[in-house]
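In what follows, a structure is listed as structure tokens, so that the remarks can point back to it.
The values are calculated or read from the model by the stated rules, or taken from the named source; none is laboratory data. Owing to the predicted nature of the structure, the values given are computational and were not obtained by experimental measurement. Here Cβ is always computed from backbone atoms with ideal geometry, including for glycine, and neighbour counts include all displayed protein chains. Only protein heavy atoms, including side chains, enter the accessible area calculation; ligands, DNA and RNA are left aside. Shrake-Rupley method; radii C 1.70, N 1.55, O 1.52, S 1.80 Å.
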4 protein chains.
Amino acid sequence: MLKHGHTGPEAGPRPWQQRAYTIIFLSDTPAGRGFDVALIGTILLGVVLAVLDSFDGIVGPLEQGLQGLEWLVTGLFTLEYGWRLACVRRPSRYVLSFWGLVDLAALLPGYLALLFPGAIFLSAIRILRILRIFQVLNLAGYLGAEWHLVSTLWHSRQRILVFLLSLSTLICLMGTLIFVIEGPEHGFTSIPTGMYWAVITVTTVGYGDLVPHSVLGKLLACLVMLVGYAIIAVPSGLVTAKVVGQQLNDQRRCGGCGHQGHAADARFCRRCGSALPLPQGRRASDRAASHSADQETH
Amino acid sequence: MLKHGHTGPEAGPRPWQQRAYTIIFLSDTPAGRGFDVALIGTILLGVVLAVLDSFDGIVGPLEQGLQGLEWLVTGLFTLEYGWRLACVRRPSRYVLSFWGLVDLAALLPGYLALLFPGAIFLSAIRILRILRIFQVLNLAGYLGAEWHLVSTLWHSRQRILVFLLSLSTLICLMGTLIFVIEGPEHGFTSIPTGMYWAVITVTTVGYGDLVPHSVLGKLLACLVMLVGYAIIAVPSGLVTAKVVGQQLNDQRRCGGCGHQGHAADARFCRRCGSALPLPQGRRASDRAASHSADQETH
Amino acid sequence: MLKHGHTGPEAGPRPWQQRAYTIIFLSDTPAGRGFDVALIGTILLGVVLAVLDSFDGIVGPLEQGLQGLEWLVTGLFTLEYGWRLACVRRPSRYVLSFWGLVDLAALLPGYLALLFPGAIFLSAIRILRILRIFQVLNLAGYLGAEWHLVSTLWHSRQRILVFLLSLSTLICLMGTLIFVIEGPEHGFTSIPTGMYWAVITVTTVGYGDLVPHSVLGKLLACLVMLVGYAIIAVPSGLVTAKVVGQQLNDQRRCGGCGHQGHAADARFCRRCGSALPLPQGRRASDRAASHSADQETH
Amino acid sequence: MLKHGHTGPEAGPRPWQQRAYTIIFLSDTPAGRGFDVALIGTILLGVVLAVLDSFDGIVGPLEQGLQGLEWLVTGLFTLEYGWRLACVRRPSRYVLSFWGLVDLAALLPGYLALLFPGAIFLSAIRILRILRIFQVLNLAGYLGAEWHLVSTLWHSRQRILVFLLSLSTLICLMGTLIFVIEGPEHGFTSIPTGMYWAVITVTTVGYGDLVPHSVLGKLLACLVMLVGYAIIAVPSGLVTAKVVGQQLNDQRRCGGCGHQGHAADARFCRRCGSALPLPQGRRASDRAASHSADQETH
């Protein structure tokens, strides 16, 4: 099963390590929450800088200001990285963890830019760190319901795999067919190009950079579009069914034994006999949704 | 909680203010309903005029006729605005309210056009007033079921926020990647342009003004399309689950003990034995939309 | 409520009228069913002819063959029209009914083509008659479940109207905004053109014939796309909820009193105590779907 | 009813035929599973070769290496084909079966390429054999739940047919209308071209190779887009309702009396009192999905 909540490395043994660890890796103290806010702020600043960096026309003092801010962000990221290294029990394990690699990827570009000036993509890598926001939200318990949905979908992973396999097969066959039918003179230069067209068509994106010109090709295109129209219903149906099921199951939970799924008019838990909370319709309905969210996180 | 129904400002103390207020702000008298119809008519006329105004080729007497009608609409809006100002208890509060600002925005263009002739966008602002139609419908009780759906979705606001955050992150990352891969020579002149492409692709709109040309870019495009194909299921699933849940919950509620979830053909509450209200199919069908499921069985 | 089944005009009084009426307007005799098959065949031949007619390159003997077939179809349609006129009680009522107008529209082009040769669209009008297929299917009882779904959606007509009104307002506002932002130099020549762009974008069709060029226009486009992405969930949710509700309610019907909605494991009707039919999973499941369809129509 | 599981031809009478049959046609022995893996590997190699073959620029030693690999794949396919022929009771029945034709289509191109060199499409035919993967997965029991969903949709075949018929009629009518409105000077050269445009528009693909230019044509396009937006909800609703229904019905089935629909936390059948199997969440969740598939098939 997928787990959620705190899954970071352990804190080091010394008291200052414990204290720093609480601030950096956890978010249940005011200092920890403050650190989270500062971290998200710095990450967003880094994203804005990467975006501004991508524009060609910025020159003069403005460019130098941006440069300065970039060094600030790189400095803050480096400080944080060192701090994280210092307070965990096994630094190597943090360095090689997913978040450790993301953190490293976010500060390296600043230094590599000294060696390879003008490498615009270096700055862009930093944008990866935006993923940290999800970890912060997860620590703060905001992602509880989402993890639950993801783990419910995980139960359908076999069905999802079969769906993806069918989609891939369809794209392979249709891409090959359109390549055979239309050929290089209409832009379908190879089977992979045909597959690219099949993806564009079956997902109903329809850029229009590759379109069939022959009658047979147009017939095939119609078929692919209608099939795409039909199978878009499959992922939609899977997710909807899960959300509906989740909604029906999470309605009421026994305070005594924790079991869910009681009928809307049951007054006692059918497992342990404790009195059940009143149905949602009679509570302050304001709290209903957040309540079910809370239940999931505890 | 979101509230609906009458949420306007209070009426002034004098009798004529009370009377005028009932006509303008409420719609439970024949005069009030007549005012609403006239208001919607004037608004739609204003919209038609703004649309006609946007055409370049209208000249001569036709143009002068339009001008005349525009002055008529502006006059009517001004009259209505003054009337509203006169009959509320605190005019300043109305002026600064959402609807007060919309009303002002609808009549100002007519006067500003004297100062800045040819400013085509001024006339277009008036189209904003079309929103008033929703307020009129709300007063008339037509939006009840919709407010209920919106407030049910409001319970999922945390999940919607997480969905939007994930979508934004995906768009940021994909926009950056396509900018790094394709670069300015294929039209991806900056990271925001890349993000614009990512939005076009992930929502399956696919204008085709920006398309990847390199093999890596095409692979990324396929990934973005398939991901877009998958996550379109999420908002769909959320709304569907809410509508299904609403349909199941709203079926019938016992007048005696308040319990819901009675079967469509039950005549007595299975909890307290009180007679249940008749299923919807047998009530005035006007109110049918909010509890529709029952009718199907008869 | 929407009604379905036979809604045609009444038969005339004489025996041969009754007999002809049974053949032409009903389909519960072998002759009536044979007539239906011949009618659908002739309609499809007419459609194929209209399609072939639209090609420019058909000349010589092939063209003359097509011409001959067209006269045959026109002749058959005329014969049928006369027959229908002859056997109904009040011919004028049939002529002015929806189907009467469709039937007339299908045979007129053949004669008008003598007066206005080369009027290609005349032949195309005949394609309208394809709608008759639905009437035949309806008579044969094939549309029962569909009428039921349509009539269920009819219960949500208020919600659908509010949805359409919101969509129209959104399209008006966004079309006006893009016209103000982009202006005629980027192809947005008037507010209606802007609205056309808004429809293309919000429905995620994305032809690409009109695209924003300014930064502000692109931002607006992103907003419209994401909103379109979100509200596509609304019609989807409405239809899905209705189909789910229909499925849950139609599961089992008491043979004694006709009530539906019994729990999956109930063995006796909770209304009249008769034994219930076994749940679907244990019947010959082949017949399950058509069986529930039958239930709806009786 | 649709059947699934082993539906191949029967084995021949001799012991070595029985043994070979078990390996090739079944997958419940280690050797059978090994054969399946090798078969899928060879098929994927064939697909990769067909894809590489479609590129124009591959010459020299690389081309010769590909040629060699292609002969290897053709050889392996021939060997397998012969083996299959040898061990079934009635070879002619296998040859004319769906899979027999697919297998033949996959090895013929290799030999035909000797006669018609340069016929690029020959190699592409081999990609059809990718369908064999589904048969292998089916034998291994991976497709159980999918077959169940397909057979549930099969119950809605009448509704699906009516939907397809409505869609076809809509496409016919709209394609004819746009042809009449826009005509050949805007690219709508015939009614089928108009229908191709209607498919592109109604499925929200929107290539942009055919777009309306007249005001009336744009109005029609808006109508088609909005209708397409609405009716995309229908297949989505059908599939979702089926998945939801399947989820609700398949929750747990009593081993004693066969009744379904027990609550997730019930430990005993409410009908006969037998102990129920544990809920999915408490089993090794790895097997959960395939288990529910098993339940369906027994």
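Expressed as a whole number of Å, what is the distance separating the alpha-carbon centroids of segment C:197-235 and segment D:26-73?
That distance is 44 Å.
Using Cα pairs closer than 8 Å and at least 6 residues apart in sequence, work out the relative contact order for segment D:15-138, in percent.
On the way: 96 pairs, mean separation 37.6, N = 124.
Relative contact order, segment D:15-138: 30 percent.
Please report the equivalent ellipsoid semi-axes of segment D:15-138, computed as sqrt(5 x eigenvalue) of the Cα gyration tensor, largest first, in whole Å.
Numbers: eigenvalues 158, 47, 30 Å².
Over the Cα atoms of segment D:15-138, the semi-axes work out to 28, 15, 12 Å.
By how many nm would the segment from A:His213 to A:Leu165 grow when fully extended, if each residue of separation counts as 0.36 nm and the alpha-carbon distance is taken off?
Values: separation 48, 0.36 × 48 = 17.28 nm, distance 2.89 nm.
My answer for the length gained is 14.4 nm.
R0 = 60 Å: FRET efficiency of B:Arg14 with C:Val227, Cβ-based, nearest 0.05?
Numbers: r = 44 Å, r/R0 = 0.74.
It comes to 0.85.
How far is it, in nm, from the label point at D:Leu44 to the one at C:Leu85 when both lie 7 Å from their Cα along the line to the Cβ?
Inter-label distance under the simple model: 7.1 nm.
Along Cα→Cβ at 7 Å, what distances in nm separate the D:Pro184 label point from those on the other copies, shortest first?
With the label placed 7 Å along Cα→Cβ, D:Pro184 yields 3.3, 3.3, 4.7 nm.
Given B:Trp16, B:Ile133, B:Leu79, which one lies farthest toward the positive end of the charge dipole of segment B:15-138, if we put +1 on the Cβ of every Lys and Arg and -1 on the Cβ of every Asp and Glu?
B:Trp16
Given R₀ = 35 Å, what would the calculated FRET efficiency be for D:Leu114 paired with D:Phe134, taking r from the Cβ atoms and rounding to 0.05?
On the way: r = 31 Å, r/R0 = 0.88.
The formula returns an efficiency of 0.70 here.
Of the listed pairs A:Lys218/C:Lys218; A:Lys242/C:Lys242; A:Lys242/B:Lys242; B:Lys218/D:Lys218; B:Lys242/C:Lys218; A:Lys242/B:Lys218, which have alpha-carbon separations greater than 23 Å here? Intermediate values should be presented prior to the final figure.
On the way: A:Lys218/C:Lys218 31 Å; A:Lys242/C:Lys242 18 Å; A:Lys242/B:Lys242 12 Å; B:Lys218/D:Lys218 31 Å; B:Lys242/C:Lys218 32 Å; A:Lys242/B:Lys218 32 Å.
Checking Cα-Cα distances, A:Lys218/C:Lys218; B:Lys218/D:Lys218; B:Lys242/C:Lys218; A:Lys242/B:Lys218 exceed 23 Å.
Over segment D:15-138, average the accessible area per residue using a 1.4 Å probe and give it in Å², no decimals. Before the final figure, lay out the partial values.
Numbers: 6390 Å² over 124 residues.
With all protein chains present, segment D:15-138 gives 52 Å² per residue.
Under the convention of a label 7 Å out along Cα→Cβ, give the distances in nm from D:Gly68 to the same position in every other copy, shortest first.
Spacings between copies for this position, smallest first, are 6.5, 6.5, 9.1 nm.
From the Cα gyration tensor of segment D:126-197, with a ≥ b ≥ c the square roots of its eigenvalues, which class applies: rounded if a/c is under 1.5, or else prolate if a/b is larger than b/c, or else oblate?
Oblate, because a/c is 1.5 or more while a/b does not exceed b/c.
Give me a single rounded figure for C:179-188: the average over its residues of other chain Cβ atoms within 10 Å of their Cβ.
Working: counts 6, 8, 1, 0, 2, 3, 0, 0, 0, 1.
Counting other chains' Cβ atoms within 10 Å and averaging over C:179-188 gives 2.
If we hang a label 7 Å off Cα along the beta carbon direction at C:Gln17, how far is it from the matching labels on the other copies, in nm, shortest first?
With the label placed 7 Å along Cα→Cβ, C:Gln17 yields 7.3, 7.3, 10.3 nm.
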